[in-house]
1. Just to be sure I understand, how many residues within region A:27-46 are crowded, with 24+ Cβ neighbours inside 10 Å and either assigned to a strand (DSSP E or B) or in contact with a Gly (Cβ under 6 Å, 6 or more places away or on another chain) (or both)?
2. Could you pull out the residue among B:Val56, B:Val86 that is facing chain A (nearest Cβ under 10 Å), over 16 Å from the mean Cα position of the chain (by Cα) and on the phi < 0 side of the Ramachandran plot?
3. Which one of these is at negative phi, aliphatic (A, V, I, L, M) and without any contact (Cβ under 8 Å) to a residue 60 or more places away in the chain: B:Val3, B:Val18, B:Val23?
4. May I ask you to list pairs of residues, at least six apart or on different chains, whose Cβ atoms are under 9 Å apart, with the first in region A:177-196 being away from every other protein chain (no Cβ under 11 Å) and the second being not in a loop (DSSP other than H, G, I, E, B) and not hydrophobic (A, V, I, L, M, F, W, C)?
5. From the residues in region A:47-69 that are within 14 Å of the chain's Cα centre (by Cα) and in a loop (DSSP other than H, G, I, E, B), which one is surrounded by the fewest Cβ atoms within 10 Å (Cβ to Cβ)?
6. Residues in region B:132-155 that are surrounded by fewer than 19 Cβ atoms within 10 Å (Cβ to Cβ) and outside any helix (DSSP H, G or I): how many?
Amino acid sequence: MKRIDCLKAIYPELEDCAVVTIMGAVAAELYSLGHRANFFYLEHAMGLASSIGLGIALAQPGRKVVVIDGDGSVLMNLGGLTTLARSRPKNLVHLIFDNETLLSVGGGAPGGYKWFTTATSTGTDLAGIARAAGFPKAQTVRELDDFEEAALDALDGGELSCIVAKVEAEMPKSFLMDVHMLENRFEFPRALQQPPRDRAALRRPTRIAKEQPTTIPALKSREE
Amino acid sequence: MPVSVANSQLVYDAMKGVGVTLVSALPETWLVHLIRMADEDPDMTLVRLAKEEEGVGISAGAHFAGVKSAMLMQNHGFLQAINGIVGVSLLYKIPLLMLITDRGGFGEKDPWQTEGGKHTRPVLDALHIAHDDLTRPDDVQPTMAKAMTLAQSSLSPVALLLNRDLMWEEPR
Ligand SMILES: Cc1ncc(C[n+]2csc(CCOP(=O)(O)OP(=O)(O)O)c2C)c(N)n1
Ligand SMILES: [Mg+2]
């Protein structure tokens, strides 16, 4: 399963959410699908994306918060999972792209060689840790269909949940991000000043048919 | 317990007075009353942390979402949070009000507190984080107000060091 395909599957659902991503590959790939002001890319502090998400979720209980995390970052703040679990914000979805490596520092190379693997490569089970930390719901998914179903359920659902998506350790096509960190830092809270619309009103009648190409214009132009 | 209830209340009221509605905390003895007050206050959200660095992220998220917050911790909690302070608050220019119980100064009886206390101010200074001591009850409210004003206008972390003279009542 590729991270970019997972991101494409949920991209249309992220409108009106507060989205907080980690640095590097995850940020660049979400950006490549089309930047929005409600996306905040945490460009350095490993582990704190979920803490920022928690702060938003507690401050704006009426808004969905989506944290897009990585295995290495989560491993640096395992205690944060316990804090999330005990706070149990109903409006927070914690997506973890587990590529079993510290990819963004060059921890993966062409051919799938991983030069700095994380402990998830030797059996550490992040969904198991999240469950044991007290998350009401946490699961591991390995296939795109399962990811899409789990992610959409989590986004529609009314409880804290964690999805660990096992993905290939593949670099994004480009790391180009034409939005400065500080520009992003100031546009993001502005976007959060807009009251979120009802999710039911946003929901498209059916989920994206998997065979159909996605229709996000920004995505087409950027992928070429 | 000789932690001052009256002065803890002063600090708590001053914090609420500057608009704080979310507090993240990891305690030590001197924070016992402040944390209880936050816990018992229906208008305050209290987040009990596993590690202080998380609080920096939580405060940043709260700021993004339009809520004023504060962190309660001791010297070693501040030292524990440094990477978050540098990589989130300073790098992204985010206001952060840190209330640090200042152990390890004159009068400290616990040997294990004496090192962290010694390094807190030099580290704050090295990071160019504005800080002041809260020592006298009369100063608590005005200093808290000025600290919050500076945090918000400079989009930076600020620290208030809660001193022994304010927090601890030596048993007679
Ligand atoms: C405290 C700290 N140490 C090291 C780094 C360097 N660094 C940047 S990204 C990264 C890897 C992040 O791994 P993961 O969360 O799994 O995301 P991935 O890059 O695999 O998508 C590292 C180690 C850092 N940002 N902070
Ligand atoms: Mg990784």
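We did not get these values from a lab; they are worked out from the coordinates using the rules stated. Predicted, not measured: the structure shown is a model, and the values here were computed from it. So basically every Cβ, Gly included, is an ideal-geometry build from the backbone, and we count neighbours across all protein chains shown.
1. Counting residues in region A:27-46 that are crowded, with 24+ Cβ neighbours inside 10 Å and either assigned to a strand (DSSP E or B) or in contact with a Gly (Cβ under 6 Å, 6 or more places away or on another chain) (or both) gives 4.
2. Details: B:Val56 fails: over 16 Å from the mean Cα position of the chain (by Cα).
Step by step, each of B:Val56, B:Val86 is checked, and only B:Val86 is facing chain A (nearest Cβ under 10 Å), over 16 Å from the mean Cα position of the chain (by Cα) and on the phi < 0 side of the Ramachandran plot.
3. Details: B:Val3 fails: without any contact (Cβ under 8 Å) to a residue 60 or more places away in the chain; B:Val18 fails: without any contact (Cβ under 8 Å) to a residue 60 or more places away in the chain.
Being at negative phi, aliphatic (A, V, I, L, M) and without any contact (Cβ under 8 Å) to a residue 60 or more places away in the chain holds for just one of B:Val3, B:Val18, B:Val23, which is B:Val23.
4. A:Met177/A:Tyr31; A:Met177/A:Ser32; A:Met177/A:Tyr41; A:Met177/A:Asn184; A:Asp178/A:Tyr31; A:Val179/A:Tyr31; A:Val179/A:Tyr41; A:Val179/A:Glu187
5. A:Lys64
6. Within region B:132-155, the first condition is being surrounded by fewer than 19 Cβ atoms within 10 Å (Cβ to Cβ), and the residues that meet it are B:132-133, B:135-139, B:141-143, B:145-146, B:149-150, B:152-155.
Next cut, outside any helix (DSSP H, G or I) only: B:132-133, B:135-136, B:155.
Going through region B:132-155 one residue at a time, the tally reaches 5.
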